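Accompanying notes for the structure given below.
The values are calculated or read from the model by the stated rules, or taken from the named source; none is laboratory data. This structure is a prediction, so every number in the text was calculated from the model and none was measured. So basically every Cβ, Gly included, is an ideal-geometry build from the backbone, and we count neighbours across all protein chains shown. Remember, those area values only see protein heavy atoms, side chains included, never the ligands or the DNA or RNA. Shrake-Rupley method; radii C 1.70, N 1.55, O 1.52, S 1.80 Å.
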Amino acid sequence: MKFSKSFIPTLKEVPADAVIPSHILMLRAGMTRMLSAGIYSFLPLGYKMIKKITKIIREEMDAIGGQEFHLPALNPKEIWEQTGRVEAFGDTMFHVKNRDLVLAPTHEEIMTYHVKGEIKSYKELPQIWYQIQTKFRNEARPRSGVIRGRQFLMKDAYSFDTSFENLDKSYQAHYEAYRKIFDRCGIKYFVVGASSGAMGGSKSEEFMVKSDAGEDTVAYCEKCGYAANIEVATSLVEPVKRYEESKEIYEIHTPNVKSIDELCEFLNIDERETAKSRVYIFNDKPFMILMNGNDEVNETKLENYLGGAVRPAHPDELKEITGADAGSIGPIGFSGRIIADNRLKDGNNLYSGANKNDYHIGGIDLKRDVKNIEYADLRTVQKGETCTRCGAELDVFKAIELGHIFKLGTKYSEALGATFLDENGKEKPIVMGSYGIGVERVLACYIEQNYDEKGIIWDERLKPFDIHLLGLNMKKEIVAETAEKIYSELKEKGYDVLFDDRISVQAGVKFNDADLIGVPVHVVVGERGLKEGKIEIKLRRTGERFSVELDNLYEKLKEVVK
RNA sequence: CGGGGUGUGGCGCAGCCCGGUAGCGCGCUUCGUUCGGGACGAAGAGGUCGUAGGUUCAAAUCCUAUCACCCCGACCA
């Protein structure tokens, strides 16, 4: 393709609204433009990359027996009401104003709807159905360019099986396909155990890329490879001590002591000797959570334990429920359900709030003083804690979710009545899995991992062109003629070539645009080299460059272009 | 949704505090010179100063409302 005829509007300056490297570079390289917050247009170069990525995805999905669909983005609201997800999505779902339609944020319902209508026998299962389609989510705050948009491309696949054992097979097939897809895209990623959240279902894993621009936090053990979303991650921490002798409960006047740190300082004690109380509401009823010291409540773990959504009590509710404000709340005298983190198990001689402002209580023995106490793992793992598998130190960092695979089970098939008859003529709900990949995120994450101060660095496995050919001074006949000749010969040999044939553009501009766009191999035709009959080849990633005789050019390119 | 910030030519910005009719760099057009790492000179084109009200003889500038966008947080199948 000739640059002079192409629409590749590169930018010299950094657009003010872009912050993260991938966003800046996609704008600067002329791949995307923003239309509105979280809504992006893909320009020819950007869309070309999207097509390359979706081609890889299609090949690997087809390889595991996937069949491609194209479902409507506009869905009847009624179907979504049957699974309760209009409410579950809430404001995240876009609603059409002048008809009872919604814009689909995912497609479990619609796929299940079609299964229900057509698949009736175990003989027709399993099935893997997928599509690559635009999804709509009314994100409260779109950010990081294409990484979190209100409209985005997603490859979503659904598996339909006769049993949970067979679901395992479909799930595993997707797991392996995903590894191949991300490997082929040249992305450095890792897989973490995750929470299924409001999707429902049992097991789920996320394919993650480490990045400060990420919105998920993961715990990772470099030594043994343990990786988990912070929502479900666990670590080994020392439990509180149980002293031989339990003191009696006593009240302490603690004016203006609110936080655990203030309490520790005031009483000159260690935070491990304290139990922090938080009040949550579950099913409209208040209950108390006890954490050791400054340990943070992990609300996802809490919700998984309780089996439903919780919310922290409001400040005014606190007063009504406990008689005290946050900072002075504790288990003694609290009448509701009390769940403590495992770390506090059977602890004694502990300090906590007195449910009376400016007072705390010492000498608490959870075993003796808190009847019906429950214990659960409710902590949020912190950096530097001990890996449960190998004992090494855990790292905790931000990551971007590229893909997510779920074992859904029968949640949707039951809600929508998608059943089949088994070998014994017995009606059973179809067992489902669901598997997503954020297509733009693959693009953005690749760039996040492969750029330098000059621009993007594409990989041989994922690149917009095979060769970027630069004709430096196209006003010189010898340069123009040679470059044109090389261009047509390269095309003949089957290379996809971007030929910078612009006449009134300085050499420096061409070099900089080439570095910005980041095709792996640059071929430079200039007057200087031609005087000695030579062409220059430059490798974008290493910056390495070498001159070759015109006669040896194609030979050399065979080595260099993979 | 809470906090902070920004809206001035295609892009990046100054001007606003202290009101007087809009400027700089890049880009764009034309001509000439230059020609291997974002050239130089000359001449040009291009702006309802986000929008709507208000104050004033006069508003980019002051006041009110509103919209959009960015950042931090909350939220996030």
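The lone criterion from (1) crowded, with 18+ Cβ neighbours inside 10 Å; (2) within 23 Å of the chain's Cα centre (by Cα) left unmet by A:Ile430 is number (2).
Would you call A:Glu423 farther than 26 Å from A:Pro21 by Cα, part of a helix (DSSP H, G or I), open to solvent by 10 Å² or more (accessible area, probe 1.4 Å) and charged (D, E, K, R)? Full working, then the answer.
Numbers: farther than 26 Å from A:Pro21 by Cα: yes; part of a helix (DSSP H, G or I): no; open to solvent by 10 Å² or more (accessible area, probe 1.4 Å): yes; charged (D, E, K, R): yes.
For A:Glu423, the condition - farther than 26 Å from A:Pro21 by Cα, part of a helix (DSSP H, G or I), open to solvent by 10 Å² or more (accessible area, probe 1.4 Å) and charged (D, E, K, R) - is not met.
Taking segment A:19-46 as the range and being within 12 Å of RNA strand B (Cβ to nearest atom) and among the hydrophobic types (A, V, I, L, M, F, W, C) as the test, the residues that pass are A:Val19, A:Ile20, A:Ile24, A:Leu25, A:Leu27, A:Ala29, A:Met34, A:Leu35, A:Ala37, A:Ile39.
Which of the following residues is assigned to a loop (DSSP other than H, G, I, E, B), touching a residue at least 40 places away in the same chain (Cβ under 8 Å), crowded, with 20+ Cβ neighbours inside 10 Å and more than 15 Å from RNA strand B (Cβ to nearest atom): A:Ile181, A:Ile187? Selected residue: A:Ile187, the only one of A:Ile181, A:Ile187 that is assigned to a loop (DSSP other than H, G, I, E, B), touching a residue at least 40 places away in the same chain (Cβ under 8 Å), crowded, with 20+ Cβ neighbours inside 10 Å and more than 15 Å from RNA strand B (Cβ to nearest atom).
Of A:Ala418, A:Ala480, which residue is more than 30 Å from A:His23 (Cα to Cα), open to solvent by 10 Å² or more (accessible area, probe 1.4 Å) and among the aliphatic types (A, V, I, L, M)? Being more than 30 Å from A:His23 (Cα to Cα), open to solvent by 10 Å² or more (accessible area, probe 1.4 Å) and among the aliphatic types (A, V, I, L, M) holds for just one of A:Ala418, A:Ala480, which is A:Ala480. Close Cβ contacts (under 7 Å, 6 or more residues apart or on different chains) running from residues in segment A:30-46 that are open to solvent by 10 Å² or more (accessible area, probe 1.4 Å) to residues that are more than 12 Å from RNA strand B (Cβ to nearest atom) and part of a helix (DSSP H, G or I) comprise A:Phe42/A:Ile50.
Please go through segment A:440-470 and give me each residue that is part of a helix (DSSP H, G or I) and either crowded, with 22+ Cβ neighbours inside 10 Å or in contact with a Ser or Thr (Cβ under 6 Å, 6 or more places away or on another chain) (or both), ordered by number. Steps first, answer last, please.
As a first pass, look at segment A:440-470 and keep what is part of a helix (DSSP H, G or I): A:440-449.
Answer for segment A:440-470, where residues must be part of a helix (DSSP H, G or I) and either crowded, with 22+ Cβ neighbours inside 10 Å or in contact with a Ser or Thr (Cβ under 6 Å, 6 or more places away or on another chain) (or both): A:Glu440, A:Arg441, A:Val442, A:Leu443, A:Ala444, A:Cys445, A:Tyr446, A:Ile447, A:Glu448.
Scanning segment A:471-487 for residues that are among the hydrophobic types (A, V, I, L, M, F, W, C) and either part of a loop (DSSP other than H, G, I, E, B) or not assigned by TED's automatic domain parsing to the domain that holds A:Asp513 (or both) yields A:Leu472, A:Met474. Cβ-Cβ contacts under 8 Å between residues 6 or more apart (or on different chains), taken from a first residue in segment A:507-525 that is at pLDDT 95 or above and acidic (Asp, Glu) to a second residue that is open to solvent by 20 Å² or more (accessible area, probe 1.4 Å) and within 7 Å of RNA strand B (Cβ to nearest atom), are listed as A:Asp513/A:Thr10; A:Asp515/A:Lys454. Within segment A:341-385, the set of residues being in a strand (DSSP E or B) and open to solvent by 50 Å² or more (accessible area, probe 1.4 Å) comprises A:Tyr359 only. Selection of segment A:403-415 for residues being small (Gly, Ala, Ser) and either open to solvent by 30 Å² or more (accessible area, probe 1.4 Å) or free of Cβ contacts under 8 Å to residues at least 40 places away in the same chain (or both) yields only A:Ala415.
Considered as a group, the residues in segment A:122-162 that are away from RNA strand B (no atom under 13 Å from the Cβ) and open to solvent by 30 Å² or more (accessible area, probe 1.4 Å) include one that is nearest to A:Met31 (Cα to Cα), and that residue is A:Gln127.
Here's the yes/no breakdown for (1) more than 7 Å from RNA strand B (Cβ to nearest atom); (2) among the polar types (S, T, N, Q); (3) part of a strand (DSSP E or B):
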residue: A:Asp513; (1), (2), (3): no, no, no
residue: A:His522; (1), (2), (3): yes, no, yes
residue: A:Arg528; (1), (2), (3): no, no, no
residue: A:Glu532; (1), (2), (3): yes, no, no
residue: A:Ile535; (1), (2), (3): yes, no, yes
residue: A:Lys538; (1), (2), (3): no, no, yes
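Answer yes or no: is there a residue in segment A:401-409 that is assigned by TED's automatic domain parsing to the domain that holds A:Glu81, at pLDDT below 95, farther than 18 Å from A:Phe182 by Cα and not basic (Lys, Arg). So far as segment A:401-409 goes, yes, one or more of its residues are assigned by TED's automatic domain parsing to the domain that holds A:Glu81, at pLDDT below 95, farther than 18 Å from A:Phe182 by Cα and not basic (Lys, Arg).
Does segment A:165-173 contain at least one residue that is under 21 Å from the mean Cα position of the chain (by Cα), open to solvent by less than 50 Å² (accessible area, probe 1.4 Å) and within 14 Å of RNA strand B (Cβ to nearest atom)? No, segment A:165-173 contains no residue that is under 21 Å from the mean Cα position of the chain (by Cα), open to solvent by less than 50 Å² (accessible area, probe 1.4 Å) and within 14 Å of RNA strand B (Cβ to nearest atom).
Would you point out which residue out of A:Val497, A:Val442, A:Val479 is at pLDDT 95 or above, within 16 Å of RNA strand B (Cβ to nearest atom) and under 27 Å from A:Lys534 (Cα atoms)? Exactly one residue qualifies, and that residue is A:Val479.
Restricting to segment A:237-279, name every residue that is hydroxyl-bearing (Ser, Thr, Tyr) and modelled with pLDDT of 90 or more.
Here is the first cut: in segment A:237-279, the ones hydroxyl-bearing (Ser, Thr, Tyr) are A:243, A:246, A:250, A:254, A:259, A:274, A:277.
Once the filter is applied, which keeps residues that are hydroxyl-bearing (Ser, Thr, Tyr) and modelled with pLDDT of 90 or more, segment A:237-279 yields A:Tyr243, A:Ser246, A:Tyr250, A:Thr254, A:Thr274, A:Ser277.
Would you be able to say whether some residue in segment A:228-237 is open to solvent by 10 Å² or more (accessible area, probe 1.4 Å), within 16 Å of RNA strand B (Cβ to nearest atom) and closer than 21 Å to A:Gly433 by Cβ? Yes, some residue in segment A:228-237 is open to solvent by 10 Å² or more (accessible area, probe 1.4 Å), within 16 Å of RNA strand B (Cβ to nearest atom) and closer than 21 Å to A:Gly433 by Cβ. The set of residues in segment A:56-101 being closer than 24 Å to A:Ala309 by Cα and open to solvent by less than 60 Å² (accessible area, probe 1.4 Å) consists of A:Lys77, A:Ile79, A:Trp80, A:Thr83, A:Gly84, A:Arg85, A:Val86, A:Phe89, A:Gly90, A:Thr92, A:Met93, A:Phe94. Considering (1) touching a residue at least 60 places away in the same chain (Cβ under 8 Å); (2) more than 20 Å from A:Tyr175 (Cβ to Cβ); (3) crowded, with 17+ Cβ neighbours inside 10 Å; (4) within 16 Å of RNA strand B (Cβ to nearest atom), the lone condition that A:Met49 does not fulfil carries the number (4). Examine segment A:390-401 for a residue that is open to solvent by 10 Å² or more (accessible area, probe 1.4 Å) and within 30 Å of A:Ser163 (Cα to Cα), and state whether such a residue exists. Yes, some residue in segment A:390-401 is open to solvent by 10 Å² or more (accessible area, probe 1.4 Å) and within 30 Å of A:Ser163 (Cα to Cα).
Looking only at segment A:1-18, residues that are of a type in the set (A, V, I, L, M, F, W, C) and either more than 7 Å from RNA strand B (Cβ to nearest atom) or more than 29 Å from the chain's Cα centre (by Cα) (or both) come to 5 in all. On the basis of being part of a loop (DSSP other than H, G, I, E, B), in contact (Cβ under 8 Å) with a residue 12 or more places away in the chain and out of contact with any Ser or Thr (no Cβ under 9 Å at 6 or more places or on another chain), does A:Glu231 make the cut? No: the conditions fail for A:Glu231.
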